[in-house]
Each structure stands twice: as C-alpha cells, then as structure tokens.
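**Q** Before anything else, here's the structure in question.
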Amino acid sequence: MTTEARFLRADRSQTRLDFIDLEGLLPSDHRARIVWSFVESLDLSPLYDAIKSREGSAGRPPPDPAVVLALWIYAAIEGLDSARELDRLAERDLAYRWIAGGVPLNYHGLSDFRVENGDVFKRLLTESVTALVVEGTVSLEEVAIDGTKVRANASRESFKTAEQLERIEAAVERRLAALRAEVESDPEAFSRRKRAARERAAREVKERADRARAALDRVRAEKEKRAKQHPGEKANKKSEPKASVSDPDARHMQFADGAVRPGYNAQIAATAKEGIIVAVEMTDRRNDSGLAAPMVEDLVRRYGKAPERLLIDTHYATSEDIAALSQHPAGPVTVYAPAPRERENISARGLANRERKRAREPDGVKEWRSRMATQAGQEVYRLRKLIERVNADLKNRGFGFMPVRGLLKANAVALLYALASNLLVAHRLRTQAA
C-alpha cells in the first residue's frame, strides 16, 4: 500500500461502541476472530493500491478493504449473500459489528467490492493454499474434481428466442425514436433528468437484449457442433435455442433433483484427503464432460505443478484426455475414474472389435483400465467422496443460489465461498494437529 492511500481503518483499540464492550462480549474463540486473524495474514496490497481516494484529494475515504473482505468471508460462513443484509448486520449484530470496528459502510460499496475483485480473490485463494502446503497441512499430490449446479438469478420467463429478441430490440428502437420526437416537438415537455432516465432505461434494455443475442449465437453454435458430432440425433423444435435477457450467461440445466432451471455449473477441485478447495470455476456447461484437462491446466498455472493423482467421475475425461494427462509436461497425472459401462449382451464379432480397439489404445489408457480393475484403484477412487461433502457444505452455506448475474461476478462470489470453506477446514486441521 502506498503512503498516500487514504481509507477508514477499523480501530481495534476502540472496543466500546455505543456504550457496549464488543471486545468483552465476543468470545475469544468466536469465528469472527478466526476470520479477522486469517484476513490479517493475507497480502491485500492490490486492494489498497486500487483505492482512488488519496490524501489531499476530494472524496470520502473508503472503508478498509480488510474489513470489507472479512465481512464477506464471515457472511459466507454464516450463509449470508445479501449486501443490504450485511450492511444492516454490521450495525446491529455483535460479530459483524466487531469485524467492522466502527467503520461506516453502505450496501452499494459492499456489493461492488464483492463482484469487482474476482482476480484478487483468485490470487488470495492460491496464496492461502500454497501457505497450507508449505506448512505441511495439506498436499496437492491427490486432487478430486467435481461439478455442482448453482441456480442463477434469472427466471424461466427471461429466456427468449431469436425472434423474441428481435421484437424487444424493435420496441426499444421505437421507444427511443418516440422520445427524441417528443423532445424535438416540445423541448419543455420533459425535464432533462426524466428524459435522461427514460433514455437510459431503454438503452439498458437494448444492451441486455444484445448480450442475450450474443449468448444465443453461442448456444446455436454449440447445438450445431453437437448435431455434427451426433448426426443420428433428431432435431427437436421444442429445444429452440434461448438466452436470458436478465443473465445471458445462465443456461437451462438439469439439477440433482431432476428439475431443469436456469443455472451455472460450478467446477470445484479440492484435496482428496483434507477437503481444501484449490480451484473453483463457474461455467455455463450443462455437463462435466471433458472438463478435467482445463481444470488441471488451471492447477498448473496456480501452483506450478500438476497433481500426481486425479480423482474424477466417469465422463470428466475422454480416453484422449487420460492419455494426454499421463504425459503432462508439468508431471504425469494418474487418473482414477470408473470406466464407462459397456454392453454385456454383445456378439462375438462385436467383442472381437472391442478387443482390437483396446489393443490400439495408448499406454496411458491401458494402464488406467488395468488400474481401475484392481481393488487398490477402487479404494483410491473412493476418496473422491470427500469433495461431494465439500459441495454439500457449500450448498448448506447458501452456495446453491447465485445472488449476482454474469459469469465473472458469479466466479467472484464462488471464490469468496472457497476462501470461507478453506478457512474453517484449515482451522480444524490445525486444531487437530495441535
């Protein structure tokens, strides 16, 4: 942080607020203290450097970024996802007030901080996990990957076809033309502020429609690609591509309960034995097929090496992916994933063809098949169940619904949940070790 940076810092020496001794009332082992201790250990210089309010310049100083970050991490632990509610609790709830330390806040600033600092949150996750590895609390040798669906902040009715988007855009153009005509005919008909507000609202609708159209083009391209890859599938008129005007990045997805809702597919990588989240990525993919390799590349970028053992579900990696991972330049990755189910009532000729194809498979794929046919391979794969509990814990803390819109903002929220989850797991591991 530069010496010119000016912000409102929490004064931990002032423990009495509104004649209440917050320091004395908050238990010494309270989670809020654990959160604050964790945040104090982080390098937050990018957040301080980004503060625009400087000494000698106009403008009210912003709150200490450490305070805001600690509030959001504690909110994630408590299952709170509303900036308005967080603002209210920072004035009324003992733990939130203790973290805030008397720093004035507002929900607009809290909301902006959460969605504008995704890159910083990603770096903090990487650095905090690296610190756990250095101290020997966790190991990156064995990593499990799993996906979980998260409901998007969009309704079914917000999804429109290309024809419906064209009608929306045409209506907006007519509205803007009518506003311009009214101003030209009678300049005093509207106040400048009202006219600007109406034009801004119309432009926002058009911008949302434009983003939805771009998303619709991506959906249509994916559908055409799938049709080429699976020519036997019949086209279904009911499945005409649609995109949401509320959140163009959201997709209709099938959730665990069988219902189809607007949502995201959160890809989470965690250490198989400890349950520490090492990477998280929000995607618009409806399934997990082929996502193992990109997640491994993300781990290499973050930590400089690939995991030695990768625990994934059946369709996460193709045979080509498994072969490539076994010869990864950052270190060979041994994949533990059940082989896809194959037909048992197969003819002798079909069985012979299958055996001939198996004989031509790369060595990495042959080793994977042999490995998963052993009891030892199955026991290693069973460790993957822990990440399902990690996902369930995140959902229990409110991660099942995304309060923001757009992949970038959703990713920032997911990273805050990952930091909160890791904080609790690391505290438990250290306590057990002590």
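The values are calculated or read from the model by the stated rules, or taken from the named source; none is laboratory data. Here the structure is a predicted model, which means the values were calculated and not measured. In this analysis, Cβ positions are derived from the backbone assuming ideal geometry, glycine residues included, and neighbour counts consider all displayed protein chains. Just the protein is used for accessible areas: all its heavy atoms, side chains included, with ligands, DNA and RNA removed. Shrake-Rupley method; radii C 1.70, N 1.55, O 1.52, S 1.80 Å.
**Q** Just reorder VAL260, VAL365 by solvent-accessible area, largest first, 1.4 Å probe, all chains present.
**A** VAL260, VAL365
**Q** Compare the Cα positions of PRO332, VAL280, ILE346 along the charge dipole of segment 253-366 (+1 at Cβ of Lys, Arg; -1 at Cβ of Asp, Glu; about the Cα centre) and return the one farthest towards the positive end.
**A** ILE346
**Q** Next up: Between THR161 and LYS385, what is 0.36 nm times their sequence separation minus the Cα-Cα distance? Round to one decimal in nm.
**A** Extending this stretch completely gives an extra 76.7 nm.
**Q** Now for a separate question. To one decimal place, what Kirkwood hydrodynamic radius in Å is obtained for segment 323-383 from all pairs of distinct Cα atoms?
**A** Computed over segment 323-383, the radius equals 13.1 Å.
**Q** So for segment 67-171, what percent of the C-alpha to C-alpha distances run longer than 19 Å?
**A** 65
**Q** Still on this structure, I have one more. Going by Cα centres, segment 112-137 and segment 313-347 are how many Å apart?
**A** Between the Cα centre of segment 112-137 and that of segment 313-347, the gap is 31 Å.
**Q** While we're looking at this one, here's another question. Enter the accessible area of ILE145 (Å², nearest 10), with the probe set to 1.4 Å and all protein chains included.
**A** We get 0 Å² for ILE145.
**Q** If you count only protein heavy atoms and use a 1.4 Å probe, how large is the accessible surface of ARG97, to the nearest 10 Å²?
**A** Taking all protein chains as shown, ARG97 has close to 30 Å².
**Q** Same structure, new question: Taking the convex hull of the Cα atoms, report for segment 293-396 its projected area averaged over all directions, in nm².
**A** Taking a quarter of the hull surface, the average projection is 8.2 nm².
**Q** Which order do you get for LYS385, LYS395, LYS242 if you rank them by accessible area with a 1.4 Å probe, largest at the top?
**A** Heavy-atom accessible area, descending, gives LYS385, LYS242, LYS395.
**Q** Accessible surface of SER158 in the full protein assembly, 1.4 angstrom probe, to the nearest 10 Å²?
**A** Here the accessible area works out near 10 Å².
**Q** While we're looking at this one, here's another question. Given H placed on each backbone N at 1.01 Å, which residues far from MET282 in sequence or on other chains put an amide H within less than 5 Å of it?
**A** The answer is GLN267.
**Q** Which order do PHE401, PHE121 take by accessible area at a 1.4 Å probe, largest first?
**A** PHE401, PHE121
**Q** How charged is the neighbourhood of ASP288? Take every other residue with its Cβ under 15 Å from the Cβ of ASP288, and add Lys/Arg as +1 and Asp/Glu as -1.
**A** Local charge sum for ASP288: -2.
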